[in-house]
Amino acid sequence: MIKAMDELLQHWSEQWKQRSMKQCSPLGKLIEFKGVMPSSGKKGSRDPLGQGEIDDLAWEVYEGIRTLRNELQVLAWEHYHWEGYNEHKAQRLGLAERTYYDRLNRLHVELREALRARRKQSRRA
């Protein structure tokens, strides 16, 4: 596993998990925060599915994941969005534990390359 990619994917996952609070109605936010409306502290948002904001870093990871093969996309969602032991996640995906870890490493390598390619492409534009 590549530690930097693991940290990026954990951040991406946390952003997706926390977006549920960002969907709240203004009244719901006022009630939850006892009359003091919270601010996101940033201008603009990334709201790919109309389900709440995610930050720019999480958005880049999301876009990088979308360029990967389907099996790696599914693995990213399974590994980083669901709690539990990796052995159980591997079973849900129908993989041997060793294969699960090999694909997880492949996810990190290919995502790193996809993010580098996106970065180079954005520099040219």
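Can residue 56 be described as acidic (Asp, Glu), closer than 20 Å to residue 16 by Cα and open to solvent by 50 Å² or more (accessible area, probe 1.4 Å)? Break it down into steps so the answer makes sense when it comes.
Numbers: acidic (Asp, Glu): yes; closer than 20 Å to residue 16 by Cα: yes; open to solvent by 50 Å² or more (accessible area, probe 1.4 Å): yes.
Here the answer is yes, as residue 56 does meet what is asked.
Note on the stretch 50-125: enclosed helices (runs of 4 or more DSSP H) holding 1 or more residues that are in contact with a helix residue (DSSP H, G or I) (Cβ under 9 Å, 6 or more places away or on another chain) and of a type in the set (Lys, Arg) are 56-66, 86-93, 97-124.
Out of the residues in the stretch 107-125 that are among the small types (Gly, Ala, Ser) and open to solvent by 70 Å² or more (accessible area, probe 1.4 Å), which is farthest from residue 10 (Cα to Cα)?
If we filter the stretch 107-125 for residues that are among the small types (Gly, Ala, Ser), which is where we start, we get 114, 117, 122, 125.
Still in the list and also open to solvent by 70 Å² or more (accessible area, probe 1.4 Å): 122, 125.
Numbers: 122: 24, 125: 29 Å.
Among residues in the stretch 107-125 that are among the small types (Gly, Ala, Ser) and open to solvent by 70 Å² or more (accessible area, probe 1.4 Å), the one farthest from residue 10 (Cα to Cα) is 125.
Right, residue 62: at pLDDT below 95, hydroxyl-bearing (Ser, Thr, Tyr), open to solvent by 60 Å² or more (accessible area, probe 1.4 Å) and closer than 21 Å to residue 3 by Cβ or not? Here the answer is no, as residue 62 does not meet what is asked.
The values are calculated or read from the model by the stated rules, or taken from the named source; none is laboratory data. It should be emphasised that the depicted structure is a prediction, and the values quoted were computed from it without experimental measurement. So basically every Cβ, Gly included, is an ideal-geometry build from the backbone, and we count neighbours across all protein chains shown. Remember, those area values only see protein heavy atoms, side chains included, never the ligands or the DNA or RNA. Shrake-Rupley method; radii C 1.70, N 1.55, O 1.52, S 1.80 Å.
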